[in-house]
Each structure stands twice: as C-alpha cells, then as structure tokens.
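Data first, discussion second: the structure below is written as structure tokens.
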Amino acid sequence: MNYKPLYSLSVFYEDSLVGKLALKDRRIWFQYDAAFLRKGVELSPFKLPLRPEVTPCNDRVFDGLFGLFNDSLPDGWGRLLLDRHVRNLGIPPENLTVLDRLAYVGERGIGALIYKHDHQHDRFVYEHLNLDRLAAESQAVLAGESQAVIEELMALGGSPAGARPKILAGVNKNKTHIIHGTDNISDDYEHWIIKFGSNLDPKDNGAIEYAYSMMARAAGINIPETHLFPATKGAGYFGIKRFDRHTNKRIHVHTVSGLLHADHRMPSMDYEGILKASLALTKSMPDVEAFFRLAAFNIFAKNRDDHTKNFSFLMDDDGTWHVAPAYDLTFSSGPGGEHSTTIMGEGKNPGHLHLLALGRKMNIKKAGDIIEQVYAAISRWNEFSDIAGVSKESRKLIKDNIG
C-alpha cells in the first residue's frame, strides 16, 4: 500500500469547525477557526485557551499532541487494533503520525470532537451483535491469531481508551438486542460500552466490575447505569451506559490527563492536584467533593488503576464544566502494588488519615461523613459480589484486601 502520512486535519465540535491541526518540522501546531473563536467556547482552557494565532504544542507528554486531542486517541486495545490493521496493509505502525491515528478515530471517538480529512474511511454497519463471538475474536486478536475480524472490531471498539477489549454498542431498553453503536442509533436504543476480558483477567472479571459498580452506587458515587450481559460461558460481560451521549447528541469530555497534560501511562499526580484542578475548572465544591468521594472509594476498594485518564469532566452547551460520572472501577493491583495517583504523597498504603488530611487541605467540611458512607458501602462487598455472581475464589481474594 502506498502510505502517505497526514500533515493536516480538521477538528469539529458539533457542526462547527473548531480549527486545524498541522504537523510540520516534527511539531504539532493548531489554529482555532475565526468563527469558533467568536463563540467563546473554551474546550481546553488550561493548555489550549482560545487565541487567534497558530499555537505549537511545547511539550512531549503525548508525543507532541495537545491533551485536548490526545483524549480522543485510544490506547491499549484500540491502539493494538489499529497497529494490527495497518501492519496487514504493509504499513509499519511506527510510521503512523498522531494525525493519522486521529483520522482513524474520525467520528467514532469518545466525546464530542470529530476529525476529518480528505479521504474518510468506510463506515461499518452490522445488525445484531453476538457478544460471545466478539469475545472469542478479541481473544484471538490478543493472541495474534486473527486477521479477518480486525476491521470489524476496529469499527466496534477502536476508539475507547483502556487495555481491555471492548465495543461501542447500541443496546435496546430491555437489554435484549445489541447493535453497532458508534454512529447515530434509533430512539429504541442507547449508547453503551461493553467489555470483554483479556487473557490475564480472571474469568469472572465482568461480574467483579459489575459488583464494584453496585458498591460505588451505594457509596454515593455518580456512576452511569451498568449491566452484566449474559455469556454462554462465564459470569457475563460488563456493560456501562455512555455518559458522552444523550440520545445521539455528543457531549464534550476532557480527562484530567488531557486537561493538565498529566501522563496517564505513569504515576504523575496526587489527588490534591486533581481536586484543585476540579475547583479551578468547575468552581464548584460539590464537584470537588465528587472526586474526593471517588478517591475514598478507590482507596478502600483497592482500585489502584486510578490514573489521570480515569477522571473526567463534562462541558455543557453553555460552557459550564462538571465532574463526569465515574468509570473503570474494579479491583486492581496498580503499578508495583501502588496507586497510580498518590494521596497526600502516599501511594502504597493510603487510608483514613490521608483522606482526612486531604479533606482538611481542600476545606471539605463533609469529609468525615463521606469517608464513613464509602467505607460502609465497601463493607457490603459480599452482598454485591453475590448478586453479581462473583466466584468464591475472587470474592474471598477481594474481601481479604479491601476496606
């Protein structure tokens, strides 16, 4: 295949041209469109504020890409699919530029941004999706054994972040019919993400994450609707309703990673910094408290995969920001057995005292009550794991480590 890298890309928000990305002299440049500037909508106020001039990205955190656009790029599973796809075409994946990767995301990304160039890729349309088949095909891709299904899997799940295989799906109201869900869907369906396990996951990983979603809800955490979709073998596939779609309307999402240019691939922040960023962006103490509550849950539930891409904000049509609902909550060991995000400097064994210190630092008057409510929900692990169908082995392992 005659591969020609992209050197420019148009970025859209809803129906409006946001601006143009360009690659020149091994640097990424961006310029806002004049009409978009007049709207006054700040999509990334800290690292890419509205200004008329051409702006270079001056750091290399995301291979020289602004965090606003890096939030659209998949990592883990989605990156693997694209790399396998282009290798099949005879293109070394390392030859792809970040603009090439954004172009493949196109209209299928998480959030509201859309990327367009002169040669758009074909759409994929499928009627009913068989989760067991897709789970088996995902495993084959992970094992390096499958080529034929890669394009279908790319169309279904090539844009979400995270290491585990997943698809973007349309799910009907009673959860009995699942269709391709990256494009607009009818009013009878809703946008969901459905996950499959990797070859390193326990067989009941879907049930574990479902139990964690119930536990989080009991802890007062705002988490979207979740469901455990049945499997022919095993406990089932975990699904979560997308918060970046209201019917077919796209909602702008910005992760803490992208907002602050904080690398999610390695420990780079403390919860104090995340809470301060929330206060600066939302100017709302309830939003700060939402992240504090999530910090407490992650600590007591031993969700140590709490990196900066697992915290997000949503922007309303009027430019108002709020903390996004929680996601990717499950039992995890973290890098070297530590939390990806430290709390008051502690990553190995944070606890009540660190949370109370954080609460005082951020002037969260209800810190003690929040901690008690979260801890009470964690103590109900056996109840939630029983409802979800978690295996006895996993239930005991988690019980012995949380709290």
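The values are calculated or read from the model by the stated rules, or taken from the named source; none is laboratory data. Note that the structure is a prediction, hence the values are computed from the model and not measured. Note that we place each Cβ from the backbone using ideal geometry, even for glycine, and neighbour counts take in every protein chain shown.
Couple of notes before you dig in:
- Candidate set: the stretch 37-50, residues that are of a type outside the set (Gly, Ala, Ser) and over 25 Å from Gly273 (Cβ atoms); chosen: the one farthest from the chain's Cα centre (by Cα): Arg38
- Residue count, the stretch 187-235 (criterion: without any contact (Cβ under 8 Å) to a residue 60 or more places away in the chain, farther than 18 Å from Ser312 by Cβ and in contact with a strand residue (DSSP E or B) (Cβ under 7 Å, 6 or more places away or on another chain)): 5
- Which numbered condition Ala35 fails, given (1) exposed (fewer than 15 other Cβ atoms within 10 Å of the Cβ); (2) in contact (Cβ under 8 Å) with a residue 60 or more places away in the chain: (2)
Conditions tested, residue by residue: (1) of a type in the set (Ser, Thr, Tyr); (2) within 22 Å of Ile208 (Cα to Cα).
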| position | (1), (2) |
| --- | --- |
| Asp316 | no, no |
| Ser333 | yes, yes |
| Ser340 | yes, yes |
| Lys348 | no, no |
| His354 | no, no |
| Gly368 | no, no |
| Gln373 | no, yes |
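- Of the residues making up the stretch 207-241, those that are surrounded by fewer than 24 Cβ atoms within 10 Å (Cβ to Cβ), on the phi < 0 side of the Ramachandran plot, assigned to a loop (DSSP other than H, G, I, E, B) and not β-branched (Val, Ile, Thr) number 7.
- Which listed residue, of Thr330, Thr342, is modelled with pLDDT of 95 or more, closer than 14 Å to Phe292 by Cα and either of a type outside the set (Asp, Glu) or surrounded by 14 or more Cβ atoms within 10 Å (Cβ to Cβ) (or both): Thr342
- Residue check, Glu190 assigned to a strand (DSSP E or B), of a type in the set (D, E, K, R) and over 17 Å from the mean Cα position of the chain (by Cα): yes
- Positions within the stretch 109-127 being assigned to a loop (DSSP other than H, G, I, E, B), modelled with pLDDT of 60 or more and touching an Asp or Glu at 6+ places or on another chain (Cβ under 8 Å), in sequence order: Ile110, Gly111, Ala112
- Selection status of Gly368, in contact with a strand residue (DSSP E or B) (Cβ under 8 Å, 6 or more places away or on another chain), more than 13 Å from Phe297 (Cα to Cα) and surrounded by fewer than 21 Cβ atoms within 10 Å (Cβ to Cβ): no
- Checking Ala301, Ala324 one by one, the residue that is more than 24 Å from Ile251 (Cα to Cα) and either out of contact with any Pro (no Cβ under 6 Å at 6 or more places or on another chain) or outside the structural domain of His264 (by TED's automatic domain parsing) (or both) is Ala301 and no other.
- Close contacts from the stretch 3-24, counting a first residue that is under 12 Å from Ala103 (Cβ atoms) and a second that is polar (S, T, N, Q) and in a strand (DSSP E or B), with Cβ to Cβ under 9 Å and a gap of 6+ residues or different chains, come to Leu21/Ser8; Leu21/Ser10; Leu21/Gln31; Leu23/Ser8.
- Entry remark, the stretch 49-76: residues being of a type in the set (A, V, I, L, M, F, W, C), surrounded by fewer than 24 Cβ atoms within 10 Å (Cβ to Cβ), under 17 Å from Val105 (Cβ atoms) and out of contact with any Leu (no Cβ under 7 Å at 6 or more places or on another chain) number 1 in total.
- Residue among Ile398, Ile364, Ile387 that is in contact with a Phe, Trp or Tyr (Cβ under 6 Å, 6 or more places away or on another chain) and more than 20 Å from His339 (Cα to Cα): Ile364
- Under the condition of being in a loop (DSSP other than H, G, I, E, B) and free of Cβ contacts under 8 Å to residues at least 12 places away in the same chain, the residues counted in the stretch 345-362 number 2.
- Residue match in the stretch 77-94 (condition: out of contact with any Phe, Trp or Tyr (no Cβ under 9 Å at 6 or more places or on another chain) and modelled with pLDDT of 95 or more): no
- Filtering the stretch 4-42 to residues that are assigned to a loop (DSSP other than H, G, I, E, B) and within 22 Å of Gly64 (Cα to Cα) leaves Lys4, Pro5, Leu6, Tyr7, Asp25, Arg26, Asp33, Glu42.
- Search result, residues across the stretch 237-292 that are among the basic types (Lys, Arg) and farther than 15 Å from Asn363 by Cβ: Lys241, Arg242, Arg245, Lys249, Arg250, Arg265
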